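For reference, the structure is listed below as C-alpha cells.
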Protein chains: 2
Amino acid sequence: MKKSRVTLGEVARVAGVSRATVSLVVRKSPLVADHTREKVQQVMADLDYVRDIGAARLRNNSSRTIGVIVPNLVNSFFTEFLSGIERVMGEDDRVVLLANSHDDPARQTLILQRFRGHGVDGVILCPAEGTDPELPLRMRQWGLPLVQSLREVGGNVTDYAGADYIGGVRLAMRHLVERGHRRIAFLSVSARTSARAERLEGFSRAIAETGAEDAGIVEAELSWEGAARSARQLLELDSSPSAVLCFNDVLAAGLMLGLRRAGHEPGRDIAVVGLDDLPLAELTYPPLTSIAMIPENIGAAAARLLARRLLQPDVEIERSIIAPSLMIRDSSGYHAG
Amino acid sequence: MKKSRVTLGEVARVAGVSRATVSLVVRKSPLVADHTREKVQQVMADLDYVRDIGAARLRNNSSRTIGVIVPNLVNSFFTEFLSGIERVMGEDDRVVLLANSHDDPARQTLILQRFRGHGVDGVILCPAEGTDPELPLRMRQWGLPLVQSLREVGGNVTDYAGADYIGGVRLAMRHLVERGHRRIAFLSVSARTSARAERLEGFSRAIAETGAEDAGIVEAELSWEGAARSARQLLELDSSPSAVLCFNDVLAAGLMLGLRRAGHEPGRDIAVVGLDDLPLAELTYPPLTSIAMIPENIGAAAARLLARRLLQPDVEIERSIIAPSLMIRDSSGYHAG
DNA sequence: CCATTAATTTAGAACGATCTAAATTGCGCA
DNA sequence: TGCGCAATTTAGATCGTTCTAAATTAATGG
C-alpha cells in the first residue's frame, strides 16, 4: 500500500551512473554527454521518477512556489486576478500557494508566517485593510520578495501592479458629462484602502477637470445589499444627482436594485456607472456601463513583476499599471437634459 | 541583503540545549520539561525562528500542503468552493496549492505531476472534462490521496463531495409544476461531465415523478453568451415550453438576456429557473429563482474528507452530499394558466 | 545510600536533492 | 606512445528537520 518514492539514487543505480550525473540531467545541464543524458532520461521515464522539489530547495533555495494573499474570494475581480497569476506562474513551472486574508491583518500575518515556513520564493499581496505600513520593510528583512497588487501600503517601496483607477474614473466622468450630466454623486465604501483613496482622488480630479458638480459622496458597506440600502441616501441628497459613479460593479448592481425598489428606473431616471467591468455587468438590468480593468491582466502583470524580481533581486522597483477602458451599456443611457 | 535563515540549530545553541530538544518543543511534544520548553520558546521568539516545513517533510513525510485543481476560476461557483477549502485547511494549519486545469486533461496531468513534485499530502480534484477514468487508480498507485468534488470519474472509488443535483432539480421542477407549468424544457451544456449527467438524470426523473411534459433539451455553450444565443432555439421548440430549467445560473442569466432580446419577458412570458444560486442570481432582472447549493460548504466538506483520509488512510470511502434548497425569486413568477 | 524506574535529553543517522572540488576519460597532436 | 587540455563524471559534504536508540538525570522505595 505505501509507496516508496523513486529517488535520484535509484535512477542513478539503474542507469549505472552517479547521483550527481542524474541531477545534472534533471536540471538540463549542458555538461552531460548526449548518450548519457538519453540513457538517464529513459530510466527516469521507466521508473516514473518525480523530482522532489522540496528536497532540492533545501540545497539550492528555490522552491518554485509563490504565495498569493487576497482579501476575498467571492468578488470575481479577485478570482480573475488570481487566474492571471496562476496562468503566468504555471507557464513558468511555478506553483501558487493561495490564501484568503478576509481583509484581516492578523490573519494576514499568520498566513505570511505560514508561507515563510513553506519556503515560498516570493509573495504577491493585496494588503488587507489596516495592514501595518511597515510590513513591506519587515518582509524585506525576512528576505522575502514582495509584489503588491490592487492595493498598496508603505509608500512606493515595492513592485506594484494595479489598475489606473484615476484614469478609469476620469473616463467614466467624461462619459457622464458628455451625456449631459452635471450633478454626479459617488458611491464609496467605508473600508480605508488605497484602492478607495485612489478612486476618491480620481473623482475629485475629474470634478475639477470637467467642471461637473460634486453631488456628494455616500459610503456603503462593500456588498450589493449595502449598496441597495444606500439608494435611499443617494436619492435624498439635496443636490439630487442625475448620475452615480460607483466604487465597483457589485455596488453598482446593488444600487440599481435599490433604486428600482425605490421606484426609480436606473438608466432612465438616473444614470449608474460601475468600475471593474465584471462579467456581471452584462447580466444586470439594464446592462451596466462600466470601466474595464481586466483583473486577469493585472494578475498576470503582478506575476511577471515577481518573476522578474526573483531573477534579479536588486533591480529597481517597477510599477505596472493597466490602462482602463470604457464599456458603454444601457445604465448610463439617460441623457440628462 | 541576503538573510540567513534562523535554524533549529541556532535556537538550540542559544538556548543551550540540543537540536532534538528544540525539535520536540516545536512539535509540542509533552516529553519536554516545562522550564526547558519555556526557555526554548523564549529564544525562538527572540530570534524570530520559523520552522522549515519542507525540511521537516523530508523526514516525516507530511508537507501540510494540499493541491486543489479546478477547471475554471471565473465562475464564482468554483471560487466559493475554493474559498471553503481554503478556510477549512487554514484552520488546520494547512496550505493550499491552487491550479486551474481549464478543463483540459493534459494540463491536469501536468499539474498533478507538479503537485507530486512538491510533495502535496493529498489532492482535491474537480476532474476536467474527458479525464481518464483510470486516473483515480493511477493516483492510488502513486500513493497520493484523492478526493473528488463536484464531478467524478472512475466510479465510486474515492471520497467525493458534491451537491445533490438530482434532488435540486426535483425541487426546481416541483416548484414549477406547483405554479402550473406543464411543459418544461431543460437548457443543458455540451461538455460531457458527471455534473451534466446528474442533472439530466434529475430532469428525467422529475418529469416522471411530476407527470410534467419533457418539452425538450437544448444544449448551449457554457457561457452567458452561449445561453443567450440558445434562447431562439428554445422559443422555436414545437412544444413551446412555459418554463425552462437551466444547467446553472450563468446560463439562466444569459438565457433571460436572450429571451428579452427576442421580445419575451422572463418571469412573465416564460419562467426561468437556475441552479447554484450564485450571488449573481439576486442581481439579474428579474431576480432569478434558483437552487442553492452553497459551494463554500461543498468545498469545506471536500476539505474535511481529505483531512480525514490523511489521518486514516485506510478508512472506507465516504460521500458527502450537500442538500439543496429552493430560493424563490421573480423569474419563476409567472403562474401558467 | 543504592537500586530501580520514570522522566528528560541527546548524538548521530536519516530524508532527497545540489554543490564543490577533484577525479576520470577522451581527444588532438607532437 | 605520451602529454596537455577540454569534456564528463563523481565522491562526499550539505541544506534543516525528525527519528531511533541510547544516555543522562531525577524520583521512588527499601
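Just a few scattered comments:
- Given (1) in contact with a Pro (Cβ under 9 Å, 6 or more places away or on another chain); (2) of a type in the set (A, V, I, L, M, F, W, C); (3) modelled with pLDDT under 95, index of the condition A:L73 fails: (1)
- If you go through the range A:234-264 and keep only what is of a type outside the set (V, I, T) and within 25 Å of A:E129 (Cα to Cα), you end up with A:L245, A:C246, A:F247, A:N248, A:D249, A:L251, A:A252, A:A253, A:G254, A:L255.
- Pairs meeting the criteria (first residue in the range B:10-32 and within 14 Å of chain A (Cβ to nearest Cβ), second residue near DNA strand C (Cβ under 8 Å from one of its atoms) and at pLDDT below 95, beta carbons under 9 Å, at least 6 apart or on different chains) are lacking.
- Filter result for A:L31 (of a type in the set (A, V, I, L, M), part of a helix (DSSP H, G or I), within 16 Å of DNA strand D (Cβ to nearest atom) and not assigned by TED's automatic domain parsing to the domain that holds A:W224): no
- For the range A:260-280, the set of residues classified as of a type in the set (A, V, I, L, M) and buried (at least 24 other Cβ atoms within 10 Å of the Cβ) consists of A:I270, A:A271, A:V272, A:V273, A:L275, A:L278, A:L280, listed by residue number.
- Of residues in the range B:191-215 being under 15 Å from B:L251 (Cα atoms) and at pLDDT below 95, the one surrounded by the most Cβ atoms within 10 Å (Cβ to Cβ): B:A195
- Look at (1) without any contact (Cβ under 8 Å) to a residue 12 or more places away in the chain; (2) within 12 Å of DNA strand C (Cβ to nearest atom); (3) in a helix (DSSP H, G or I) and you find that A:A45 fails only one, number (2).
- Segments classed as helices (runs of 4 or more DSSP H), wholly inside the range A:214-298, with at least 2 members that are out of contact with any Pro (no Cβ under 6 Å at 6 or more places or on another chain) and under 18 Å from A:G333 (Cβ atoms): A:249-261, A:280-283
- Evaluating A:S83 against the criteria (1) part of a helix (DSSP H, G or I); (2) without any contact (Cβ under 8 Å) to a residue 24 or more places away in the chain; (3) closer than 26 Å to A:D277 by Cα leaves one unmet condition, (2).
- Selected residue [within 7 Å of chain A (Cβ to nearest Cβ) and either under 14 Å from the mean Cα position of the chain (by Cα) or buried (at least 20 other Cβ atoms within 10 Å of the Cβ) (or both)] from B:V50, B:V95, B:V40: B:V95
For (1) within 25 Å of A:L306 (Cα to Cα); (2) of a type outside the set (K, R), each residue gets a yes or a no:
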position: A:A12; (1), (2): no, yes
position: A:R19; (1), (2): no, no
position: A:K28; (1), (2): yes, no
position: A:L47; (1), (2): no, yes
position: A:D52; (1), (2): yes, yes
position: A:L58; (1), (2): yes, yes
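- Residues of the range B:154-175 that turn out to be farther than 27 Å from B:S62 by Cβ and free of Cβ contacts under 8 Å to residues at least 60 places away in the same chain, as a count: 4
- Residue in the range B:54-61 that is more than 11 Å from chain A (Cβ to nearest Cβ), near DNA strand D (Cβ under 9 Å from one of its atoms) and at pLDDT below 95 present: yes
- For the range B:98-121, the set of residues classified as assigned to a helix (DSSP H, G or I), more than 8 Å from chain A (Cβ to nearest Cβ) and surrounded by fewer than 23 Cβ atoms within 10 Å (Cβ to Cβ) consists of B:P105, B:A106, B:R107, B:T109, B:L110, listed by residue number.
- Scanning the range A:124-145 for residues that are surrounded by 23 or more Cβ atoms within 10 Å (Cβ to Cβ) and either at pLDDT below 95 or not in a loop (DSSP other than H, G, I, E, B) (or both) turns up A:I124, A:L125.
- Criterion violated by B:E134 - all others in (1) touching a Gly at 6+ places or on another chain (Cβ under 8 Å); (2) in contact (Cβ under 8 Å) with a residue 40 or more places away in the chain satisfied: (2)
- Residue check for A:A195: more than 19 Å from A:I217 (Cβ to Cβ) and touching a Lys or Arg at 6+ places or on another chain (Cβ under 8 Å): no
- Which listed residue is crowded, with 17+ Cβ neighbours inside 10 Å and modelled with pLDDT of 95 or more, from B:S18, B:S83: B:S83
- Taking the conditions (1) in contact with a strand residue (DSSP E or B) (Cβ under 6 Å, 6 or more places away or on another chain); (2) under 24 Å from A:P279 (Cα atoms); (3) among the aromatic types (F, W, Y) in turn, B:F203 satisfies each one other than (2).
The values are calculated or read from the model by the stated rules, or taken from the named source; none is laboratory data. Predicted model only: the values in this text are computed from it and were never measured. In this analysis, Cβ positions are derived from the backbone assuming ideal geometry, glycine residues included, and neighbour counts consider all displayed protein chains.
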